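The values are calculated or read from the model by the stated rules, or taken from the named source; none is laboratory data. Note that the structure is predicted; figures quoted are calculated from it, not measured. Quick reminder, even Gly has a Cβ in these numbers, built from the backbone with ideal geometry, and neighbours come from all protein chains shown. All accessible areas refer to the heavy atoms of the entire protein, side chains included, with ligands and DNA or RNA removed. Shrake-Rupley method; radii C 1.70, N 1.55, O 1.52, S 1.80 Å.
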Amino acid sequence: MVNRILFLVKSTSPFKTQRNDLDYLISELIKKGHNVEIYDMKQKILMDVKNEIQESYELFPSWLYKGKLSLLLNFFVFIHFLKRKSGCYSIVQICYVREEFLLLPNLIKRLADRVYILVFGSDYNLRNPIKDHFTKLYSLADKVFVTTGDAEKRMKGIINEPSLDKKTFVLMTPQNHFELYDGVAYEEKTHYKNLFGFDENKKVILVGTNSSPNEQHELAIESLKFLDPSRYILVFSITNVFDEITEREQSLANHIRSELEGFELIILHGFLKYEEVRDLRFASDFFINVRKNDQMALSMIESNLAYNYVVTGEWLPYKCYSEDFKVIRVSEVAKIFEVIDSVSNMDENELSYILVQNRQQALDMYGKGLIDSWLLHYA
């Protein structure tokens, strides 16, 4: 059955969303014969992805969009869009639960035969009176997707809607770049270390994924300085989505060099391609993720696929993840150096067994079968 599907999602370029996982899902839906359209509230543009057609729903001149007035005008345009497209779709897929959606549940329900909601971390991390009290959209939805079991528990604790039990599905969003990690044996990590000129006798520690303060690089540095420089190579990922070095990145890089003098250091800036990240993870032995808050870091799964030992924080909502994978969760960032030394002193056969098992678990849970699980919901 061919469906006409509308994605309510943020977009940055024509016929693309802001997320690679959603673009991957949309592309696979189109391959299955479905018609997929994207509507971006901010741009007020409807995009037919397959046919590459754009339709503007703008009602007001651009000079009126100033300050809070722009929010009100966007809201009126969205109401206009909902009324115009009422009954036009088989499925409407909400990605990011915006306040506007919560205020207009009935109009959204009239868009399509089925309403799906995909819940991200920001949907319940960033709360306000509208998100807390206007929850009818969840009761009208036919399916609700969350990416982890921990996220499901947290959502149900906030959204008091009994019907969620029967229509909530725990599914990590599909990641086509995971295929880059296929077909690499544990013994091949040496090859990747040689690509970077790393000493094979040293353990390589990859710290963080980007330059955001949420990564807590400064606290990690304070712990890592207690490691023996003759045993470890430290790689700091202070990257961003732009191919440039920000002021924070420059300041952070200077801090890393001054506090970790004596270590062999690699500091990564700017934007990294998926292939570059893959090579780096295969060349690494540890991955440190001690963010202040998060829902589920894809970088941890990538690290599992690359035979890295993951060290993360007990304060992060990774209980279900840590039940499926052998990882170390520290109670405070200051303990990082202790657990790294402990793992480094393990018997090599025991360590390799753990890392190989973690990789296989990642392949079983998040491999090629994941996209098929998603597509079944749109049949």
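Remarks
- Scanning segment 28-39 for residues that are of a type outside the set (D, E, K, R) and surrounded by fewer than 16 Cβ atoms within 10 Å (Cβ to Cβ) turns up 30, 33.
- Taking segment 254-282 as the range and being among the basic types (Lys, Arg) and open to solvent by less than 30 Å² (accessible area, probe 1.4 Å) as the test, only 281 passes.
- Selection within segment 304-360 - assigned to a loop (DSSP other than H, G, I, E, B) and open to solvent by 30 Å² or more (accessible area, probe 1.4 Å): 314, 315, 317, 326, 331, 332, 345, 346, 347
- Residue 222 at pLDDT 95 or above and either touching a Ser or Thr at 6+ places or on another chain (Cβ under 9 Å) or of a type outside the set (Lys, Arg) (or both): yes
- Summed over segment 165-216, residues that are part of a helix (DSSP H, G or I), under 28 Å from residue 333 (Cα atoms) and out of contact with any helix residue (DSSP H, G or I) (no Cβ under 7 Å at 6 or more places or on another chain) total 3.
- The helices (runs of 4 or more DSSP H) located wholly in segment 2-108 that include 1 or more residues which are within 21 Å of residue 128 (Cβ to Cβ) and either under 27 Å from the mean Cα position of the chain (by Cα) or hydrophobic (A, V, I, L, M, F, W, C) (or both) occupy 68-84, 99-103.
- Condition met for residue 298 (within 29 Å of residue 185 (Cα to Cα) and surrounded by fewer than 22 Cβ atoms within 10 Å (Cβ to Cβ)): yes
- Residue 277 vs. criteria in contact with a Gly (Cβ under 7 Å, 6 or more places away or on another chain) and of a type outside the set (Lys, Arg): no
- Being free of Cβ contacts under 8 Å to residues at least 12 places away in the same chain, of a type in the set (S, T, N, Q) and surrounded by 14 or more Cβ atoms within 10 Å (Cβ to Cβ) holds for only one residue in 93, 18, 43, and it is 18.
- Test: residue in segment 3-14 that is farther than 26 Å from residue 148 by Cα, touching a residue at least 12 places away in the same chain (Cβ under 8 Å) and buried (at least 18 other Cβ atoms within 10 Å of the Cβ): yes
- Scanning segment 266-295 for residues that are assigned to a loop (DSSP other than H, G, I, E, B) and either farther than 19 Å from residue 185 by Cβ or of a type in the set (A, V, I, L, M, F, W, C) (or both) yields 269, 270, 271, 272, 273, 290, 291, 292, 293, 294, 295.
- Residues of segment 111-164 satisfying the condition of being under 25 Å from residue 83 (Cβ atoms), open to solvent by 40 Å² or more (accessible area, probe 1.4 Å) and assigned to a loop (DSSP other than H, G, I, E, B): 134, 142
- Residue that is nearest to the chain's Cα centre (by Cα) [pool: residues in segment 231-265 that are assigned to a strand (DSSP E or B), modelled with pLDDT of 95 or more and closer than 16 Å to residue 210 by Cβ]: 236
- Taking segment 300-325 as the range and being of a type in the set (A, V, I, L, M, F, W, C), under 24 Å from residue 345 (Cα atoms) and touching a Lys or Arg at 6+ places or on another chain (Cβ under 7 Å) as the test, the residues that pass are 305, 306.
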